[in-house]
1. Could you check how many residues of the range 141-184 are touching a residue at least 24 places away in the same chain (Cβ under 8 Å) and of a type in the set (Phe, Trp, Tyr)?
2. Give the residue that is surrounded by the fewest Cβ atoms within 10 Å (Cβ to Cβ), with candidates limited to residues of the range 7-49 that are away from ligand 1 (no atom under 13 Å from the Cβ) and over 15 Å from LEU110 (Cβ atoms).
3. Mind checking which residues of the range 227-244 are surrounded by 14 or more Cβ atoms within 10 Å (Cβ to Cβ) and either more than 15 Å from ligand 1 (Cβ to nearest atom) or not in a helix (DSSP H, G or I) (or both)?
4. So is LEU7 part of a helix (DSSP H, G or I) and under 21 Å from ILE120 (Cα atoms) or not?
5. Name every residue in the range 107-148 that is out of contact with any strand residue (DSSP E or B) (no Cβ under 9 Å at 6 or more places or on another chain) and within 17 Å of TRP29 (Cβ to Cβ), in order of residue number.
6. Tally time: how many residues in the range 59-90 are of a type in the set (Asp, Glu) and either touching a His at 6+ places or on another chain (Cβ under 6 Å) or within 18 Å of GLU114 (Cα to Cα) (or both)?
7. Taking the residues in the range 2-45 that are more than 12 Å from ligand 2 (Cβ to nearest atom) and basic (Lys, Arg) as candidates, determine which candidate is modelled with the lowest pLDDT.
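The values are calculated or read from the model by the stated rules, or taken from the named source; none is laboratory data. Predicted model only: the values in this text are computed from it and were never measured. Note that we place each Cβ from the backbone using ideal geometry, even for glycine, and neighbour counts take in every protein chain shown.
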Amino acid sequence: MTQPVILAISNRKGGTGKTTTAVNLAAEWASRGRRVLVVDLDSQGHAGFGLGVDAASFAPTTHDLFRDALFDIRTAVRATAWSNLWCVPADPLYDGSGSCRDVTGLARQLRRPEMDAYDIIILDTPPSLDLVLTSALTASDGVLIPLLPHALSVEGVKQLSRLFYKTVTGGNPDLKLIGLLPIMASNRIGHHRAVIADITQQFGPERVLRPIRGDIQLAAAFADRRPIRHFAPRSRGALDYYLLADELAAFWRLLSPAARSEPAPQKLQPEVS
Ligand SMILES: Nc1ncnc2c1ncn2[C@@H]1O[C@H](COP(=O)(O)OP(=O)(O)OP(=O)(O)O)[C@@H](O)[C@H]1O
Ligand SMILES: [Mg+2]
């Protein structure tokens, strides 16, 4: 029995493509035969929305973790319309006032032996620096940081980096920085190039991933509540997330010995160069 790899997708800044990345990376890996669980930790509920899963009234949600010490997260897992892909939806009414303040509660839930039902767990995190984000980093093997290549976004990365190192020196010494993922980046924009050069210098070239280009189809897929590979498989966004899933597979192998025999990915035929 192998425990799942747990990835947090985080940035202190809002609107940097965290949820878009969580949903589309999850769908990519699920299509390659991985059993993927997306845990929506953001009370905006966008990851569940993008995967077509609603938080039904009185149904358990991720945020019950912060209210009830005996809550079992497995009771909140919901199937999506796609095979190998599940989601724990967020509670849109969660206001941060739960009585369980223990940052290790989420880790304990996700590290239960029964979670070997999944190969990978993706945590979509809120932009707020709070118990929920700290719990996510404490529970994770790795963190992926999507960022818009703008100066303010880099500030958000620096703030997250501080929390990252605090978590590493505190409760989770094994947490790894998987990489920084430029979102809506264009090589033709001087400021984008300058910001990417800056983060490359600060974090090292091996930590800066191939960018996701701007593609309005990614926003349209959200509105249609489908991952991009199912909504517009020949789009630029679908190609970029397909390639990102490939790029991260190397890192994933490093984390999970069981993932070494990866099945061949289902081919997409992007029409964009
Ligand atoms: N590559 C892209 N091209 C075009 N639009 C994009 C792209 N990535 C994300 N978007 C759009 O940008 C907006 C913000 O993306 P998203 O919701 O994924 O960010 P987020 O970091 O999760 O935000 P929040 O901090 O509010 O949770 C959404 O409307 C999304 O559809
Ligand atoms: Mg989000």
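1. 1
2. If we take residues in the range 7-49 being away from ligand 1 (no atom under 13 Å from the Cβ) and over 15 Å from LEU110 (Cβ atoms), then GLY33 is surrounded by the fewest Cβ atoms within 10 Å (Cβ to Cβ).
3. PRO227, HIS230, ALA232, PRO233, SER235, listed by residue number.
4. No.
5. Scanning the range 107-148 gives a single hit, ASP116.
6. Summing the residues that are of a type in the set (Asp, Glu) and either touching a His at 6+ places or on another chain (Cβ under 6 Å) or within 18 Å of GLU114 (Cα to Cα) (or both) in the range 59-90 gives 1.
7. Per the stated criteria, the residue is ARG12.
This table checks each residue for (1) surrounded by fewer than 18 Cβ atoms within 10 Å (Cβ to Cβ); (2) in contact (Cβ under 8 Å) with a residue 40 or more places away in the chain; (3) more than 21 Å from PRO227 (Cβ to Cβ); (4) not charged (D, E, K, R).
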site: ARG74; (1), (2), (3), (4): yes, yes, yes, no
site: ALA79; (1), (2), (3), (4): yes, no, no, yes
site: CYS87; (1), (2), (3), (4): no, yes, no, yes
site: ALA90; (1), (2), (3), (4): no, yes, no, yes
site: ASP124; (1), (2), (3), (4): no, yes, no, no
